[in-house]
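What follows is a short report on a single structure.
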Amino acid sequence: MVDVLAAPQQGKADSALRTLTGISIAHWVSHFHLLVLPMLFPFLKSQLGVGYVELGFALTVLAVVSGLTQAPTGYLVDHFGARRILLGGLTLGGLALIILGLHLSYTSLIAAAVLLGLANSVYHPADYAILAEHMDEARMGRAFSVHTFAGYFGGAVAPAIVAALVIVSGGVGALIVSGAIGVLVALLLLLMNIPDAGANKNRPGNAAEPKHAVITPALITLTMLFMLLSLSVAGISNFGVVALMSGYGVSYSAANVALTAFLAASAAGVLAGGFLADHTERHGYVAAACFAVNAAIVLLIALVTLPGWALTAAMTAAGFLSGVIAPSRDMLVRNAAPPGAAGRAFGIVSTGFNLGGIVSPLLFGWIMDQSAPHWVFGASVMFMLATVLLSPLTERRAQATAN
């Protein structure tokens with residue numbers, strides 16, 4: 001009898017693990033694909049005969065398209081099913097890079113950026129809709145943390161993988177193989193039989209359920225939070241090395257070691273944050289506490305020229321704390337999402353990341369152009385403090401929505 005009762009539970013656990021594995025692999029691909037074009041900029045510059053401004057414009061196009069389509073993609077996830085949307089995004093992103101490799105031109109580059117932006121808009125709404133519906137409630141925070149960690153890891157290994165592909169097969173080969181990875185992962189998810197989520201209008205008995213407004217005060221506040229979170233770390237991630245070199249006299253190698261420590265610790269912090277998110281319901285206060293300490297650490301970096309070991313230690317601590325809050329951030333969105341609208345909810349709030357991604361290069365680039373490298377860290381502190389003030393409010397509004 002014990003075996004009979006245990007079998008369904010074991011089957012459910014195996015299904016959840018298979019789902020989490022497949023969705024995490026897809027998230028790995030999304031972050032990997034975002035860095036393929038930047039890693040190939042030297043090759044593209046020489047082959048296309050354009051400057052870095054034109055190449056940077058392609059990334060701006062990608063970010064704008066992704067930002068504009070996040071929320072509509074969330075609607076598609078909820079109404080047509082997350083699985084088919086996710087598989088379509090993986091395939092579309094892969095084909096964009098393959099086509100660019102087969103037909104190398106600046107027009108193709110911009111077209112590929114548009115397609116990659118569309119593909120990137122798929123992952124958060126589809127991934128989180130599937131996870132929210134199929135993961136064990138008691139382990140939801142850890143599931144979100146593994147998913148986020150996989151994305152971080154995809155970005156971390158992208159430079160090495162693309163560099164190896166260039167050595168083995170050249171720039172064109174690197175584009176084609178990188179694109180083929182997306183198509184192959186889509187086929188893998190089909191073979192793994194990843195479960196669906198959303199498509200509520202096609203489910204029996206749902207016709208009588210009341211419709212809920214999706215654009216709620218809670219989700220608007222969370223969108224602002226996501227934008228502030230993006231702005232809080234974007235300056236350090238993208239301009240930290242040049243700021244440390246020009247403003248603090250740090251060598252190139254030492255600055256890179258400090259940034260690597262920041263990024264690696266962020267990934268570790270995400271995993272630790274998953275356990276924390278599963279053992280508290282005060283997700284907004286967790287985020288506020290972590291970023292309050294983080295603001296103090298980054299303020300120290302901004303104001304004091306630290307020796308190399310102390311700078312690396314401070315950057316490690318800052319990165320770890322910025323990663324810890326990621327699962328709590330995702331739990332806030334899940335709790336604020338109206339019933340049957342997880343895809344749309346995550347699509348809406350993820351727009352905040354895209355807004356931050358559009359604004360941060362302009363803002364921090366302007367700061368560096370003003371010869372004010374200390375303000376790369378100073379502005380990050382200001383965004384962190386704004387996050388500290390906003391985070392508890394997001395929790396109260398999420399609770400109000402749930403009630």
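The values are calculated or read from the model by the stated rules, or taken from the named source; none is laboratory data. Nothing here was measured: the structure is a model prediction, and the numbers come from that model. Neighbour counts are summed over all protein chains in view; Cβ atoms, including those assigned to glycine, are modelled from backbone coordinates with ideal geometry. Calculation scope for accessible area: heavy atoms of the full protein, side chains included, ligands and nucleic acids excluded. Shrake-Rupley method; radii C 1.70, N 1.55, O 1.52, S 1.80 Å.
Some observations on this one:
- Zero-based 10 Å bins, Cα pair distances in segment 47-179, whole percents: 12, 34, 35, 15, 4, 0
- The label-point distance for residue 52 and residue 169, in a model that sets each label 7 Å from Cα toward Cβ, rounds to 2.8 nm.
- Using the Cβ-Cβ distance between residue 190 and residue 366 with R0 set to 41 Å, the FRET efficiency works out to roughly 0.35.
- Label point distance in nm, residue 310-residue 105, each placed 7 Å from Cα along Cα→Cβ: 5.8 nm
- DSSP H segments from the chain that extend 15 Å or more along their own axis, Cα-based, with Kyte-Doolittle mean of 1.6 or above: 82-102, 140-192, 217-248, 283-303
- Shape of segment 242-354, Cα gyration tensor, a/c cut at 1.5: prolate
- Only Cα pairs under 8 Å and 6+ residues apart enter the sum, and on that basis the relative contact order of segment 322-401 stands at 43 percent.
- Accessible surface of segment 280-342, 1.4 Å probe, proportion on carbon and sulfur as whole %: 71 percent
- Per residue, segment 65-206 exposes an accessible area of 40 Å² to a 1.4 Å probe, with every protein chain left in place.
- Stretch in the chain that is longest and holds no trypsin sites (Lys or Arg not before Pro) that DSSP places in a loop and that have at most 16 other beta carbons within 10 Å: 1-210
- Per-atom-type breakdown for segment 117-204 gives carbon and sulfur 71% of the accessible area (1.4 Å probe, protein chains only).
- The chain: calculated mean residue ellipticity at 222 nm from DSSP helix runs of at least 4, using -39500 (n - 2.57): -30500 deg cm²/dmol
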